[in-house]
Amino acid sequence: MKPVRSLARVMLSGIFVISGVRNFQHPERLVPAAQPITDRVAPLISNVAPRLPTDTTTLVRANSAVQLAAGLMLATGRFTRPAALVLAGTLVPVTIAGHPFWKNDDPAARNNNQVHFLKNLGLFGGLLLAAADTEGKPGLRWRAGHRIDHSRRSVTRAVRTARREARIAALSASTARRLPG
């Protein structure tokens with residue numbers, strides 16, 4: 001199953017790597033579409049981290065760089081689950097800003113944006129699956145539960161052994177009192 005996972009991750013990450021490079025090199029073509037979103041996010045960024053830039057071009061470039069880096073991590077199999085979550089997070093504003101089909105009056109433009117919106121929704125679903133994929137290994141929840149059960153059994157065994165040893169010691173002490181000497 002490993003080759004299938006590897007191939008699927010490469011295929012899923014391809015769009016993010018390619019668009020990350022293109023959008024990083026030429027962010028100006030996305031600025032008009034991103035402007036409404038960045039205008040809403042900029043005050044929040046200023047409040048949280050005042051030293052970070054809040055201009056639209058820089059934010060588009062930052063998003064592109066994150067998509068490129070996370071796409072490469074997903075494609076190479078390094079930190080795949082966090083990379084998939086990061087890509088899913090970057091896909092939300094891109095989809096809302098880039099494909100608002102509900103705002104289009106032209107049927108052709110509306111249809112085109114709706115198709116791209118649904119494509120991104122499908123990518124989002126694939127990224128969520130990649131983020132949940134444990135590669136056949138038990139997940140963190142199972143491992144934690146298994147450790148707790150193992151510890152509980154160990155404690156129960158230790159208590160049982162201690163009681164047995166105490167009974168043996170008590171029997172030995174009572175037997176030693178009965179012996180002459």
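Overview of values
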| quantity | calculated |
| --- | --- |
| Verdict on Asp106 being closer than 29 Å to Asp39 by Cα and free of Cβ contacts under 8 Å to residues at least 12 places away in the same chain | yes |
| Flag for Arg51 being assigned to a helix (DSSP H, G or I) and out of contact with any strand residue (DSSP E or B) (no Cβ under 7 Å at 6 or more places or on another chain) | no |
| Hits in the range 1-33 (condition: over 24 Å from the mean Cα position of the chain (by Cα) and either buried (at least 16 other Cβ atoms within 10 Å of the Cβ) or not assigned by the TED database to the domain that holds Gly89 (or both)) | Pro27, Leu30, Ala33 |
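The values are calculated or read from the model by the stated rules, or taken from the named source; none is laboratory data. This is a predicted model, so every value here is computed, not measured. Note that each Cβ is placed from the backbone with ideal geometry, even for glycine, and that neighbours are counted across all protein chains shown.
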